[in-house]
Structure formats: C-alpha cells, structure tokens
Amino acid sequence: MYVIVVGGGKVGYHLASTLVAEQHEVLVIERDAARYEGLRRLLGDDACFLGDGSELHTLEMAGAARADALVAVSGKDETNLVICQIAQRYFHVPRVVSRVNNPKNEEIFGKLGITATISSTRIIYSLVVQEVETAEVTPVALLKRGNLALVEIALEGSSPAVGVRVRDLDLPDECVLVGIVQGDDVLVPHGNTTLHKNDLVLALVRRGKESLLEQVLHGPAQNA
Amino acid sequence: MHVIVVGCGMLGSMLARRLTDAGEDVTVVDYNPTAFRRLGDDFRGHTISGTGIDTEVLARAGARECSLFIATTGSDATNLMAAQVAKLQFGIENVLVRIYEPAKAGVFAADGFSLICTTSLAVEAFAEAIARAKEDSQCTS
C-alpha cells in the first residue's frame, strides 16, 4: 500500500515509522526545511519530501494520483481539511484520513465530506472521563470515533459472574464479550464458557453502557 | 449590507476601507489584533480578533445577518475552510475567496463561491507590462 502522510511532526513521524515497519510504501511531506532534515535522517531519503502539502503541485509530485491512502496530520485543521478535499476530489485517493486538532471541527469536517477524522483531544478526554466515571472498567481502545469502546474488566472473587456461563449473564444490549484472559491463555468466549475468579474479560461495548456491564461483572455499585 | 472580511492584511484592510467608504457595514476578522492598525484610526467598521474558520467567531462577527463574506488571509487553506464554514453553517449567499495557487480554483469550483486567484491576476498584469516594455524598446531601437 502507498500511503502519503502530510505533516512531519510527532504524529506524522511515528505514523510513518509504523507504516514502514509494516512494509508499506510511505512518503511524509513536510514543509519546514529543518524538520524535513530531521525526518530524512530517521526515515531515509525515499520516505521524505520537502514541500507544502496543501499545494496541488506538491501532491502531484508526491504521486498522490497513485496513493492508496492519504493522512493529513498537520497542526492546523484548515490545512488538513483542504489537503483531504484536494486528495479526494482531484487525485481520487480512495482512503483519506484527517487529524482534527480542535474537536469541535470534527462535525464540520464530516459535513464537508471528510468523515474519517481523528481527534486526539477528544480521545484523551473520553478516556479521562471514562476512567473517572467507572474506575473498575478500563478502556483499552475507542472505536468508530469514540462510540464503541473495547474495555477490560478483572473478575474479583466476589463477582456475581464467577462460576456463571457467558450465556447466563444478563449483558446489556450492544455489548459482547470478545476475549477472556485466563492465566496465560486467551479464550474466545462462547455461550458455554464459564467465567472464573481472576479472569480478565475483554468486552466491546457501546459508550455509556459501561456501567451496566460493570454491574453484571462486579455486582451492584457499592459506595466506597 | 453587512459584510465580513476575514484577514486584515494588505488586501483585507484595503477592501474593508473601500466598503465602509461606500457606506457598507463591515466587520473585519483577524487572529492578530495588531493587524487592525492597517485600517487606520478613522475606520468606521468593526473588528473581531479570532480565527475566521471558527463558527463562534463568525457568529460574533454577525455571520447570521451577513450577505457578503470575503476571505482574504495569506493562507489558501484558511480562506477555503472559512468560506465553506460560511456557506455551511450560516448559508451566506455571496462568498468571495482569495487563493494563491491557481490550480485550487478547479478543485473548489463547484462549492458555490467565487474564487479569485491574486497570483494569476498579478501574472497577467506583469505579462501586459512586459509586452508593453518590449513594444517600447522595439520602437526606439
């Protein structure tokens, strides 16, 4: 896969090195000469391009027309938006992803046709708020722009779920158990799987339903 | 008529002055408040410091009552996003956008705003001046 990353800051650099490690062809476009030099030393000549990624001319030279994906991760939302729009409309890049620095721009990006957005501010905020709301349920990842969460819950001996089969659990709607860590084993749970003390349960759950899941696996909330 | 001018550089400030002189009600938006000095002490319009891509800033600038929106900053991206927000969030009918890169005109041609490429205009003006200079030198030689 050929991926163009526009913006060679921390996010751009780490994203590019991850993609390179996974054997993808990557080109990072950076307009600041000093930052470009730094990237070149770390990623090599072939993976870096000095230029303004918001210019059609730059994207053309970078081979946007044959790119499978373009990711805009500059620190400016307006730059990311316009780059993605040019990539989509002019170069017909099949997959376009934008970083959104100000979370309130996410909605506007969506309305303007850039639906794949990532707002680190929002993700961190969600994690912090969630951590405070339900301390027993640890979020592992937020999916689909924060609407679904992958969470892990450790079963204590006092849990009402210990000794119970998965099919007999009264799980909330929009929640599935996707993995159970028992010692060194990871099981894919099915209806007959019985939960044990000290199991680590991985569940995919709709945001906002975490506390219902917690009740099932930990018992009714006790005010400590 | 209420007019919003985003960007108070040379272009934005001169347009804003000309519009207020013609009796229009003008609000100029720029993130850098010192840029408003270009408008002069006797400027009769309003100024708001903030970024022109922000819905709240534009609302404070009177975007709901605005019938002409002009994006003049030195960044094509800022102008293009401001123009799209003006159309999308406030339904402003007449939106004028300054761009530097001519090729962007084609990409955003269908968005319902007028794109004015100041680079192309300057190139034309220079080309005409060059042609005149050539004619003059041919006459004298």
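For segment B:29-141, no strands (runs of 3 or more DSSP E) sit wholly inside it while including 3 or more residues that are within 13 Å of another protein chain (Cβ to nearest Cβ), within 27 Å of A:Ser74 (Cβ to Cβ) and under 16 Å from the mean Cα position of the chain (by Cα).
Of all residues in segment A:65-82 being in contact with a helix residue (DSSP H, G or I) (Cβ under 6 Å, 6 or more places away or on another chain) and more than 8 Å from every other protein chain (Cβ to nearest Cβ), which is farthest from A:Val5 (Cα to Cα)? It comes out as A:Ser74. Being in contact (Cβ under 8 Å) with a residue 12 or more places away in the chain and of a type in the set (Val, Ile, Thr) is a condition met by no residue of segment B:120-135.
Kindly indicate whether A:Val6 is within 14 Å of another protein chain (Cβ to nearest Cβ), at pLDDT 95 or above and surrounded by 23 or more Cβ atoms within 10 Å (Cβ to Cβ). Yes; evaluated as a whole, the condition is true for this residue.
When segment A:61-102 is examined, which residues are found to be surrounded by fewer than 18 Cβ atoms within 10 Å (Cβ to Cβ) and more than 21 Å from B:Asn79 (Cβ to Cβ)? Listed by number, the residues that qualify are A:Met61, A:Gly63, A:Ala65, A:Arg66, A:Asp68, A:His92, A:Pro94, A:Arg95.
Of the strands (runs of 3 or more DSSP E) lying entirely inside segment A:156-213, those containing at least 1 residues that are of a type outside the set (S, T, N, Q) and closer than 30 Å to A:Arg122 by Cα are A:175-182, A:200-206.
Under the condition of being touching a Leu at 6+ places or on another chain (Cβ under 9 Å) and either more than 8 Å from chain B (Cβ to nearest Cβ) or assigned to a strand (DSSP E or B) (or both), the residues counted in segment A:83-104 number 10. Looking only at residues in segment A:169-194 that are closer than 15 Å to A:Gln215 by Cβ and over 27 Å from the mean Cα position of the chain (by Cα), the one that is surrounded by the most Cβ atoms within 10 Å (Cβ to Cβ) is A:Leu169.
Scanning segment B:67-91 for residues that are surrounded by fewer than 23 Cβ atoms within 10 Å (Cβ to Cβ) and touching a residue at least 12 places away in the same chain (Cβ under 8 Å) yields B:Ser67, B:Leu68, B:Gly74, B:Lys87, B:Gln89, B:Phe90. Filtering segment A:53-64 to residues that are over 15 Å from A:Gln85 (Cα atoms) and within 14 Å of chain B (Cβ to nearest Cβ) leaves only A:Met61.
The values are calculated or read from the model by the stated rules, or taken from the named source; none is laboratory data. The model shown is predicted, which means the values in this text are computed figures rather than measured ones. FYI the Cβ positions are ideal-geometry reconstructions off the backbone, even for glycines, and counts take in every protein chain you see.
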